[in-house]
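Inspection log for the structure reproduced underneath, given as structure tokens.
Nothing in this text is a laboratory measurement; each read-out follows from the coordinates by a stated rule. None of these values were measured; they are calculated from a predicted model. Here the Cβ is made from the backbone with ideal geometry for all residues, glycine too, and neighbour counts use every protein chain on show.
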Amino acid sequence: MDKIVINGGTPLTGTVEISGAKNAALPVLFGTILTADRCVIENVPEILDVDLTLEILEKMGAKVRRDHTTVEIDTRDILPCRSPYELVSRMRGSTYLIGAELGRFKQAKVGMTGGCNFGIRPIDQHVKGFKALGATVDTRGGYVEAFADELVGCEVYFDKVSVGATVNVILASVFAKGTTVLESAAREPHIVDLANFLNACGANITGAGTDTIKIKGVEKLHGCTYAIIPDMIEAGTFMFAAAATGGNVKINNVIPKHLDSISAKLSEMGVYVEELDDAIIVRRDGDMKNINVKTRPYPGFPTDMQPQMTALLCFAKGDSKVIEGVWDNRFRYVEELRKTGAYIDVAGETAIIHGGAAELVGAPMRSVDLRAGAAMVIMGLAVNGRTEIVDIHTIERGYDNIVKKLRGLGADIRKVSF
Ligand code: EPZ
């Protein structure tokens, strides 16, 4: 077992390089199922969720070669309905197997997926899209089974903005006869990245990044070489760590536009943020102001930055409010942050952070999920004293070499086996 040990209180300084986006890499890697040609995917983050994705694809018959952040993948011999339940059920992103198998083979059988458990994670919008395309779907027995004699383009009006459902219906509709129109689609950069990858393989997708996406069915896809976009949530996490520690950090390999809502909130708190072409500088000299924030689908403030924001606001003087507008139970981690002396009240989807109420100190914490773990790291870096974080595999699911990157910024942080 490993844990992260931090001796906090050191302002972060220097430069850090951001890795490829987890939430873009997973749809693209599963999306390679749609072409029987070889694909080369570059800038793939070295994280546990990618390891698991490639393991699942190999177990299904794909040939995979990996050289650090470059993955060569050939799915010509892949067979549907073969994904191992014990692997698939560990990661929410495995859901994309359904759309990809259905799109290529007109049949799919995939175990119900797990991943971060903050509230219910239904797939009714995914199923709605599959059925609209003409598939029969059965979600009993711990599996999602879908099959169709023919997939026909249609209009899907999502009842809720869903990243996963948008990804899955795009994957399922690439070869459908005619045109599929998704209304109230998710607009996240990782949706755009998937569409760009599929179009590079010969698909015909327009409107990605807006709430209306059109997919004109094509006969087949060829292989391609494609580079994943930088991870906006990893970048935001380092931006908040710089602000929380009173540091001065240049964050390279970013697309500043993707960080607009994160940068805007830091500026509102009085933190200096400077945008360069493919980098961003964050510097905090004086006190931070308390603010209010509500998480929303992109381009709103991302829910995947909500725990990190709660941690940061513990160091702003005064009361701040964080409202979780996407998930119905994403404050479980607050119990862990309170061990530092942080004064945080939670009622339903709202947290009130009473910043500056007391001197916060290091504490032992358990990472309850990926972004909660990142929030605990930020806390440990900013408080004086020793913090230990266990269950760090949850952090390593989505952060590429986070300990090494933080040590490169001067943090006293290390991974220790116990
Ligand atoms: C993706 O999850 C991300 N995961 C999550 O990031 C992220 O929090 C989420 O999008 C929102 O941005 C991956 O990309 C692998 P949703 P997803 O479908 O697709 C409800 C991380 O930290 N909903 O957009 O599962 C749902 O309950 C992870 O990287 C339905 O009601 O999220 C939620 O309230 C954590 N019916 C809301 O929509 C459905 O059929 C948004 O969910 C689907 C979703």
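Rounded to whole numbers, the Karplus 3J(HN,Hα) couplings from phi for region 175-182 are 9, 5, 6, x, 10, 9, 10, 9 Hz, using 6.51 cos²θ - 1.76 cosθ + 1.60 with θ = phi - 60°, and x at Gly and Pro.
Overall, the ratio between the Cα radius of gyration of the chain and 2.2 N^0.38 Å, rounded to two decimals, is 0.98. Measure nothing but the geometry: give the 0 to 90° angle between the long axis through the Cα atoms of 22-31 and the longest principal axis through the Cα atoms of the chain, rounded to 10°. Value to nearest ten degrees: 10. Ignoring the sites themselves, the chain has its longest run without GluC sites (Glu not before Pro) in a DSSP loop having at most 15 other Cβ atoms within 10 Å at 220-358. Placing R0 at 35 angstrom, the Cβ-Cβ distance between N204 and L276 gives a FRET efficiency of 0.50 after rounding to 0.05. Only Cα pairs under 8 Å and 6+ residues apart enter the sum, and on that basis the relative contact order of the chain stands at 21 percent. The lysine pair tally for region 243-381, using Cα distances under 12 Å and a gap of 8 or more places or different chains, is 4. Listed by Cβ neighbour count within 10 Å, with the fewest neighbours leading, C314, C81 appear as C81, C314. Approximating the spin labels as points 7 Å out from Cα along Cα→Cβ, the N252-to-Y85 distance works out to 4.7 nm. The equivalent ellipsoid that matches the C-alpha gyration tensor of region 1-105 spans semi-axes of 31, 16, 11 angstrom, in descending order. Report the one residue of T340, T310, G31 whose Cα lies farthest in the direction of the positive end of the charge dipole of the chain (charges on C-beta: Lys and Arg +1, Asp and Glu -1; origin at the Cα centre). Positive-most Cα among the choices belongs to T340.
Would you mind computing, in nm to one decimal, how far apart the modelled labels at Q107 and A264 are, each placed 7 Å from Cα along Cα→Cβ? Using points 7 Å along Cα→Cβ, the separation is 4.9 nm.
Which angle between 0 and 90 degrees, to the nearest 10, do you get for helix 48-59 versus the longest principal axis of the chain when only C-alpha atoms count? Result, in degrees: 20.
Considering only I98, V181, I205, and ranking their Cα positions along the charge dipole of region 93-227 that arises from unit charges at the beta-carbon of Lys, Arg, Asp and Glu, the one farthest toward the positive end is I98. Full extension of the chain between D124 and D328 gives 71.8 nm of extra length, using 0.36 nm per residue less the Cα-Cα distance.
With no solvent and one point on each alpha carbon, what is the Debye value of log10 I(q)/I(0) for region 268-418 at q = 0.08, 0.17 Å⁻¹? Log10 of I(q)/I(0), two decimals: -0.22, -1.07.
Taking the Kirkwood radius as Rh and the Cα radius of gyration as Rg, region 113-221 has a ratio of Rg/Rh equal to 0.96.
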